[in-house]
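Data block below; observations after.
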Amino acid sequence: MGAGHAHKLYRHGHSPVHALPPHTKLAAVFAFVVIVVSTPREAMWAFGLYAVLLAGVAYAARVPAAFLLKRLLIEVPFVAFAVLMPFVAEGERVGVLGLSLSVNGLWGAWNVLAKGTLGVAASVLLAATTELRELLLGLQRLKLPPLLVQIASFMIRYGDVIADEMRRMRIARESRGFEASGPRHWGVLGKSAGALFIRSYERGERVHLAMISRGYAGSMPVIDEVTASRAQWSYALALPSAALVVRLLGWVL
(Lines give C-alpha, C1' and ligand atoms only; values in the text may rest on other atoms or scores of the structure.)
Protein backbone atom coordinates (compact mmCIF):
# COMPACT_ATOMS: atom_id res chain seq x y z
CA MET A 1 0.00 0.00 0.00
CA GLY A 2 2.96 2.25 -0.11
CA ALA A 3 4.28 4.64 2.45
CA GLY A 4 2.21 5.75 5.40
CA HIS A 5 0.27 8.99 5.33
CA ALA A 6 0.00 11.00 8.53
CA HIS A 7 -3.30 12.73 9.15
CA LYS A 8 -4.41 15.50 11.46
CA LEU A 9 -6.49 13.18 13.64
CA TYR A 10 -3.54 10.90 14.41
CA ARG A 11 -1.60 11.55 17.60
CA HIS A 12 1.78 9.88 17.73
CA GLY A 13 2.34 7.84 20.85
CA HIS A 14 3.57 4.57 22.35
CA SER A 15 0.58 3.63 24.49
CA PRO A 16 -0.87 0.10 24.72
CA VAL A 17 -3.76 1.27 22.53
CA HIS A 18 -1.37 2.50 19.83
CA ALA A 19 0.38 -0.87 19.86
CA LEU A 20 -2.75 -2.91 19.17
CA PRO A 21 -3.14 -4.35 15.66
CA PRO A 22 -5.45 -2.15 13.59
CA HIS A 23 -8.04 -4.80 12.77
CA THR A 24 -8.63 -5.51 16.48
CA LYS A 25 -9.32 -1.80 17.09
CA LEU A 26 -11.62 -1.60 14.08
CA ALA A 27 -13.62 -4.61 15.30
CA ALA A 28 -13.77 -3.20 18.84
CA VAL A 29 -15.02 0.23 17.71
CA PHE A 30 -17.61 -1.32 15.40
CA ALA A 31 -18.93 -3.58 18.17
CA PHE A 32 -19.01 -0.69 20.64
CA VAL A 33 -20.97 1.54 18.25
CA VAL A 34 -23.49 -1.24 17.55
CA ILE A 35 -24.05 -1.72 21.28
CA VAL A 36 -24.46 2.01 21.87
CA VAL A 37 -26.92 2.39 19.00
CA SER A 38 -29.00 -0.55 20.24
CA THR A 39 -29.32 0.93 23.74
CA PRO A 40 -32.77 2.40 24.48
CA ARG A 41 -32.73 6.17 24.65
CA GLU A 42 -34.51 6.07 28.02
CA ALA A 43 -31.48 4.38 29.67
CA MET A 44 -29.68 7.67 30.22
CA TRP A 45 -27.43 6.20 32.91
CA ALA A 46 -26.07 3.68 30.38
CA PHE A 47 -24.82 6.44 28.08
CA GLY A 48 -23.03 7.99 31.04
CA LEU A 49 -21.23 4.69 31.67
CA TYR A 50 -20.34 4.43 27.97
CA ALA A 51 -18.75 7.88 28.22
CA VAL A 52 -16.76 6.73 31.26
CA LEU A 53 -15.51 3.71 29.29
CA LEU A 54 -14.36 5.94 26.43
CA ALA A 55 -12.65 8.24 28.92
CA GLY A 56 -10.78 5.20 30.24
CA VAL A 57 -9.65 4.31 26.71
CA ALA A 58 -8.53 7.91 26.12
CA TYR A 59 -6.54 7.79 29.37
CA ALA A 60 -4.89 4.50 28.39
CA ALA A 61 -4.08 5.93 24.95
CA ARG A 62 -2.72 9.15 26.51
CA VAL A 63 -5.05 11.26 24.38
CA PRO A 64 -5.68 14.63 26.10
CA ALA A 65 -9.26 15.72 26.68
CA ALA A 66 -8.63 18.97 24.78
CA PHE A 67 -7.49 17.00 21.72
CA LEU A 68 -10.60 14.82 21.83
CA LEU A 69 -13.05 17.67 22.43
CA LYS A 70 -11.60 19.72 19.59
CA ARG A 71 -12.10 16.84 17.14
CA LEU A 72 -15.66 16.35 18.36
CA LEU A 73 -16.59 19.66 16.73
CA ILE A 74 -17.12 17.68 13.53
CA GLU A 75 -20.57 16.73 14.82
CA VAL A 76 -21.77 20.35 15.06
CA PRO A 77 -24.18 19.93 12.08
CA PHE A 78 -25.84 17.00 13.86
CA VAL A 79 -26.09 19.04 17.05
CA ALA A 80 -27.86 21.80 15.11
CA PHE A 81 -30.30 19.23 13.70
CA ALA A 82 -30.94 17.80 17.17
CA VAL A 83 -31.61 21.26 18.62
CA LEU A 84 -34.37 21.81 16.04
CA MET A 85 -36.15 18.53 16.72
CA PRO A 86 -38.05 19.61 19.89
CA PHE A 87 -39.47 22.58 17.97
CA VAL A 88 -40.63 20.78 14.81
CA ALA A 89 -41.63 17.32 16.10
CA GLU A 90 -45.30 16.55 16.71
CA GLY A 91 -47.01 14.97 19.69
CA GLU A 92 -47.34 15.89 23.34
CA ARG A 93 -45.94 19.31 24.23
CA VAL A 94 -44.22 20.49 27.39
CA GLY A 95 -43.23 23.98 28.51
CA VAL A 96 -39.51 24.63 29.06
CA LEU A 97 -38.34 28.18 29.89
CA GLY A 98 -41.44 29.57 28.27
CA LEU A 99 -41.00 27.48 25.10
CA SER A 100 -43.43 24.84 23.88
CA LEU A 101 -41.37 21.76 23.06
CA SER A 102 -42.33 18.32 21.81
CA VAL A 103 -41.70 15.47 24.24
CA ASN A 104 -40.90 13.11 21.36
CA GLY A 105 -38.63 15.78 19.92
CA LEU A 106 -36.74 16.11 23.20
CA TRP A 107 -36.21 12.36 23.39
CA GLY A 108 -35.17 12.31 19.74
CA ALA A 109 -32.68 15.13 20.28
CA TRP A 110 -31.21 13.32 23.28
CA ASN A 111 -30.99 10.11 21.27
CA VAL A 112 -29.10 11.80 18.42
CA LEU A 113 -26.77 13.73 20.70
CA ALA A 114 -25.91 10.86 23.03
CA LYS A 115 -25.38 8.14 20.45
CA GLY A 116 -23.82 10.46 17.87
CA THR A 117 -21.34 11.91 20.34
CA LEU A 118 -20.28 8.51 21.65
CA GLY A 119 -19.89 7.15 18.13
CA VAL A 120 -17.83 10.14 16.99
CA ALA A 121 -15.69 9.99 20.13
CA ALA A 122 -14.95 6.30 19.56
CA SER A 123 -14.03 7.03 15.92
CA VAL A 124 -11.79 9.93 16.93
CA LEU A 125 -9.96 7.71 19.43
CA LEU A 126 -9.50 5.09 16.71
CA ALA A 127 -8.08 7.68 14.31
CA ALA A 128 -5.92 9.22 17.03
CA THR A 129 -4.20 5.91 17.76
CA THR A 130 -4.02 4.38 14.27
CA GLU A 131 -2.29 5.66 11.16
CA LEU A 132 -4.21 5.67 7.88
CA ARG A 133 -2.03 3.02 6.32
CA GLU A 134 -2.62 0.76 9.31
CA LEU A 135 -6.37 1.31 9.04
CA LEU A 136 -6.27 0.14 5.43
CA LEU A 137 -4.26 -2.92 6.42
CA GLY A 138 -6.78 -3.60 9.17
CA LEU A 139 -9.69 -3.38 6.74
CA GLN A 140 -7.84 -5.74 4.44
CA ARG A 141 -7.26 -8.15 7.32
CA LEU A 142 -10.98 -8.05 8.19
CA LYS A 143 -11.73 -9.20 4.61
CA LEU A 144 -13.41 -6.01 3.46
CA PRO A 145 -14.01 -6.23 -0.32
CA PRO A 146 -10.64 -5.49 -2.00
CA LEU A 147 -12.21 -2.95 -4.35
CA LEU A 148 -13.42 -0.84 -1.42
CA VAL A 149 -9.98 -1.00 0.20
CA GLN A 150 -8.37 0.13 -3.05
CA ILE A 151 -10.81 3.03 -3.41
CA ALA A 152 -10.06 4.16 0.14
CA SER A 153 -6.32 3.78 -0.48
CA PHE A 154 -6.42 5.89 -3.66
CA MET A 155 -8.58 8.50 -1.96
CA ILE A 156 -6.04 8.86 0.86
CA ARG A 157 -3.10 8.88 -1.54
CA TYR A 158 -4.38 11.54 -3.89
CA GLY A 159 -6.52 13.61 -1.55
CA ASP A 160 -3.42 15.59 -0.61
CA VAL A 161 -2.49 15.95 -4.28
CA ILE A 162 -5.86 17.49 -5.12
CA ALA A 163 -5.71 19.70 -2.03
CA ASP A 164 -2.30 20.96 -3.17
CA GLU A 165 -3.73 21.66 -6.63
CA MET A 166 -6.52 23.70 -5.00
CA ARG A 167 -3.92 25.63 -3.01
CA ARG A 168 -1.96 26.51 -6.16
CA MET A 169 -5.13 27.67 -7.90
CA ARG A 170 -6.05 29.83 -4.91
CA ILE A 171 -2.60 31.43 -4.89
CA ALA A 172 -2.87 32.08 -8.63
CA ARG A 173 -6.25 33.81 -8.16
CA GLU A 174 -5.01 35.91 -5.25
CA SER A 175 -1.85 36.92 -7.16
CA ARG A 176 -4.16 38.41 -9.78
CA GLY A 177 -6.03 40.44 -7.18
CA PHE A 178 -9.05 38.14 -6.84
CA GLU A 179 -10.82 37.99 -3.49
CA ALA A 180 -14.17 36.24 -3.06
CA SER A 181 -16.43 38.64 -1.20
CA GLY A 182 -19.95 37.92 -2.43
CA PRO A 183 -22.26 36.11 -4.85
CA ARG A 184 -20.87 38.04 -7.81
CA HIS A 185 -17.64 36.05 -7.46
CA TRP A 186 -19.35 32.66 -7.45
CA GLY A 187 -18.92 32.39 -11.20
CA VAL A 188 -15.13 32.52 -10.87
CA LEU A 189 -15.19 29.95 -8.08
CA GLY A 190 -17.44 27.71 -10.17
CA LYS A 191 -15.02 27.88 -13.10
CA SER A 192 -12.16 27.09 -10.72
CA ALA A 193 -14.05 24.03 -9.47
CA GLY A 194 -14.59 22.89 -13.08
CA ALA A 195 -10.92 23.38 -13.88
CA LEU A 196 -9.98 21.42 -10.75
CA PHE A 197 -12.24 18.55 -11.81
CA ILE A 198 -10.66 18.41 -15.27
CA ARG A 199 -7.12 18.53 -13.88
CA SER A 200 -7.92 15.81 -11.34
CA TYR A 201 -9.47 13.61 -14.02
CA GLU A 202 -6.47 14.04 -16.31
CA ARG A 203 -4.07 13.27 -13.49
CA GLY A 204 -6.08 10.18 -12.61
CA GLU A 205 -5.79 8.99 -16.21
CA ARG A 206 -2.02 9.47 -16.15
CA VAL A 207 -1.71 7.63 -12.83
CA HIS A 208 -3.84 4.76 -14.12
CA LEU A 209 -1.72 4.38 -17.27
CA ALA A 210 1.44 4.49 -15.16
CA MET A 211 0.09 1.73 -12.91
CA ILE A 212 -0.88 -0.46 -15.87
CA SER A 213 2.59 -0.02 -17.38
CA ARG A 214 4.02 -1.31 -14.09
CA GLY A 215 1.89 -4.46 -14.07
CA TYR A 216 -1.26 -3.38 -12.21
CA ALA A 217 -4.03 -5.91 -12.91
CA GLY A 218 -6.85 -4.75 -10.63
CA SER A 219 -5.46 -5.70 -7.23
CA MET A 220 -2.84 -4.21 -4.93
CA PRO A 221 -0.11 -6.40 -3.41
CA VAL A 222 -0.25 -7.08 0.31
CA ILE A 223 2.96 -5.65 1.73
CA ASP A 224 2.41 -6.37 5.44
CA GLU A 225 0.44 -9.25 6.93
CA VAL A 226 -1.05 -7.97 10.18
CA THR A 227 -1.71 -10.57 12.87
CA ALA A 228 -2.97 -10.37 16.43
CA SER A 229 -2.48 -12.62 19.43
CA ARG A 230 -5.26 -13.80 21.71
CA ALA A 231 -4.08 -11.38 24.40
CA GLN A 232 -4.27 -8.46 21.96
CA TRP A 233 -7.79 -9.42 20.92
CA SER A 234 -8.79 -9.66 24.59
CA TYR A 235 -7.34 -6.24 25.32
CA ALA A 236 -9.03 -4.66 22.30
CA LEU A 237 -12.41 -6.23 23.01
CA ALA A 238 -12.41 -5.06 26.62
CA LEU A 239 -14.26 -1.89 25.58
CA PRO A 240 -17.18 -3.53 23.73
CA SER A 241 -17.34 -6.30 26.35
CA ALA A 242 -17.77 -3.75 29.15
CA ALA A 243 -20.32 -1.89 27.03
CA LEU A 244 -22.21 -5.15 26.49
CA VAL A 245 -22.37 -5.67 30.26
CA VAL A 246 -23.88 -2.20 30.61
CA ARG A 247 -26.35 -3.00 27.84
CA LEU A 248 -27.41 -6.25 29.55
CA LEU A 249 -27.85 -4.42 32.86
CA GLY A 250 -30.18 -2.06 31.00
CA TRP A 251 -32.40 -5.01 30.08
CA VAL A 252 -32.39 -6.30 33.65
CA LEU A 253 -33.01 -2.95 35.29
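Checking the structure you have, find out if any residue of segment 63-81 is crowded, with 20+ Cβ neighbours inside 10 Å, at pLDDT 90 or above and in contact with a helix residue (DSSP H, G or I) (Cβ under 7 Å, 6 or more places away or on another chain).
Within segment 63-81, one or more residues are crowded, with 20+ Cβ neighbours inside 10 Å, at pLDDT 90 or above and in contact with a helix residue (DSSP H, G or I) (Cβ under 7 Å, 6 or more places away or on another chain).
Looking at (1) touching a residue at least 60 places away in the same chain (Cβ under 8 Å); (2) open to solvent by less than 60 Å² (accessible area, probe 1.4 Å), which is the one condition that is false for residue 163?
(1)
Looking at segment 104-113 only, could you name the residues that are open to solvent by less than 30 Å² (accessible area, probe 1.4 Å) and either farther than 20 Å from residue 39 by Cβ or out of contact with any Gly (no Cβ under 9 Å at 6 or more places or on another chain) (or both)?
Applying the first criterion (open to solvent by less than 30 Å² (accessible area, probe 1.4 Å)) to segment 104-113 yields 105, 108-109.
108, 109 - these are the residues of segment 104-113 that are open to solvent by less than 30 Å² (accessible area, probe 1.4 Å) and either farther than 20 Å from residue 39 by Cβ or out of contact with any Gly (no Cβ under 9 Å at 6 or more places or on another chain) (or both).
For the condition more than 15 Å from the chain's Cα centre (by Cα), closer than 24 Å to residue 73 by Cα and assigned to a helix (DSSP H, G or I), what is the one hit in 114, 122, 128? Write out each step before concluding.
Values: 122 fails: more than 15 Å from the chain's Cα centre (by Cα); 128 fails: more than 15 Å from the chain's Cα centre (by Cα).
None of the other options fit; the residue is 114.
Looking at 101, 142, 126, can you tell me which residue is in contact (Cβ under 8 Å) with a residue 60 or more places away in the chain and open to solvent by less than 60 Å² (accessible area, probe 1.4 Å)?
That would be 126, the only listed residue that is in contact (Cβ under 8 Å) with a residue 60 or more places away in the chain and open to solvent by less than 60 Å² (accessible area, probe 1.4 Å).
The values are calculated or read from the model by the stated rules, or taken from the named source; none is laboratory data. Please read these numbers as outputs of a predicted model, since none were measured by experiment. No Cβ is skipped: glycine too gets one built from the backbone with ideal geometry, and neighbour counts run over all protein chains shown. Accessible surface areas use protein heavy atoms only, side chains included; no ligands, DNA or RNA. Shrake-Rupley method; radii C 1.70, N 1.55, O 1.52, S 1.80 Å.
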